[in-house]
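Okay, so here's the structure we're looking at.
The values are calculated or read from the model by the stated rules, or taken from the named source; none is laboratory data. The structure presented is a predicted model; accordingly, all values stated were derived computationally and were not measured. No Cβ is skipped: glycine too gets one built from the backbone with ideal geometry, and neighbour counts run over all protein chains shown. Side chains included, ligands, DNA and RNA excluded: accessible areas come from the protein's heavy atoms. Shrake-Rupley method; radii C 1.70, N 1.55, O 1.52, S 1.80 Å.
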Amino acid sequence: MRFSSTLPLRALLPFVAAVALLATGGTAATAADACGSIITAPLAPPVPADDPCPSTDPVVCRIRVLPMDEKVEAQRTRIRYHDLLEAMHRTEADMREAGASDEEIARELVDMRNQAKEITRAGMTPEEVRVLEERNMAKYGNPLGPTADQLYVKYGSWQKVTDASMRTSYAVDRELALEYRPCPV
């Protein structure tokens with residue numbers, strides 16, 4: 001198959017990234033029964049910075065205007081974040097099997113989520129990290145997000161804290177053409 005020389009490379013980047021992830025055994029997949037990070041569509045081309053953002057989430061608004069190569073990298077980073085959520089699901093199952101209390105599990109998973117945020121932010125630009133940290137500081141008073149105790153006050157049970165610690169932002173995932181489906185443990 002020959003590609004037209006008039007087709008911009010930027011238009012091919014999302015497709016190439018998706019094929020590369022599938023070919024290398026990454027967690028991205030498209031099968032109906034797949035789990036983990038699912039690539040749902042090609043990444044949307046960037047919009048002009050002055051284009052009104054339909055989302056109230058500043059992270060989504062920032063992603064919308066990224067150049068295509070940075071969007072591809074943001075998608076890869078998000079897939080790594082989803083992989084870390086999978087590790088959290090396995091940790092919860094292991095801790096339950098070992099007889100840990102709901103509070104012990106919740107505290108461990110909130111710590112893991114904060115570590116996951118630090119790990120995934122290491123691959124982001126300082127500007128991207130700043131946007132995330134500003135949002136979390138305004139909302140939680142902590143650059144990584146809520147603490148286990150803050151979540152307990154909000155939800156009223158350690159099981160609900162555990163559930164909250166393993167959620168992902170649907171809006172951010174959608175903007176990066178991803179869907180997250182927890183794998184069975």
query: Across the range 148-173, what is the total count of residues that are more than 10 Å from the chain's Cα centre (by Cα), farther than 15 Å from Asn114 by Cβ and of a type in the set (D, E, K, R)?
result: 3
- prompt: Of (1) touching a strand residue (DSSP E or B) at 6+ places or on another chain (Cβ under 6 Å); (2) more than 14 Å from Ser169 (Cα to Cα), Pro45 satisfies all except one. Which?
  reply: (1)
message: Suppose we keep only residues that are modelled with pLDDT of 80 or more and hydrophobic (A, V, I, L, M, F, W, C) within the range 114-129. Which one would you say is least open to solvent (accessible area, probe 1.4 Å)?
response: Ala116
field: Residue under evaluation Ala138, criteria (1) open to solvent by less than 50 Å² (accessible area, probe 1.4 Å); (2) among the aliphatic types (A, V, I, L, M); (3) more than 18 Å from Arg174 (Cβ to Cβ), criterion not met
entry: (1)
- request: Can you give me the number of residues within the range 21-49 that are at pLDDT below 95 and open to solvent by 80 Å² or more (accessible area, probe 1.4 Å)?
  value: 7
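If a residue has to be under 25 Å from Glu70 (Cα atoms) and in a loop (DSSP other than H, G, I, E, B) to count, how many in the range 117-141 make the cut? Don't jump to the end; show me each part of the working.
Of the range 117-141, the ones under 25 Å from Glu70 (Cα atoms) are 117-137.
Then keep just the ones that are in a loop (DSSP other than H, G, I, E, B); that gives 122-125.
Result for the range 117-141: 4.
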- prompt: In this structure, does Leu144 turn out to be surrounded by 15 or more Cβ atoms within 10 Å (Cβ to Cβ), in contact (Cβ under 8 Å) with a residue 12 or more places away in the chain and not in a helix (DSSP H, G or I)?
  reply: yes
- prompt: Does the range 169-180 contain any residue that is touching a residue at least 24 places away in the same chain (Cβ under 8 Å), surrounded by fewer than 17 Cβ atoms within 10 Å (Cβ to Cβ) and in contact with a Cys (Cβ under 6 Å, 6 or more places away or on another chain)?
  reply: no
query: Taking Val161, is it touching a residue at least 60 places away in the same chain (Cβ under 8 Å), at negative phi and either of a type in the set (A, V, I, L, M) or crowded, with 19+ Cβ neighbours inside 10 Å (or both)?
result: no
task: For the range 103-121, indicate whether the set of residues that are under 14 Å from the mean Cα position of the chain (by Cα), closer than 21 Å to Leu43 by Cα and not acidic (Asp, Glu) is non-empty.
output: yes
statement: Going through the range 79-101 in order, the residues found to be free of Cβ contacts under 8 Å to residues at least 12 places away in the same chain, part of a helix (DSSP H, G or I) and either of a type in the set (Lys, Arg) or surrounded by 14 or more Cβ atoms within 10 Å (Cβ to Cβ) (or both) are Arg96
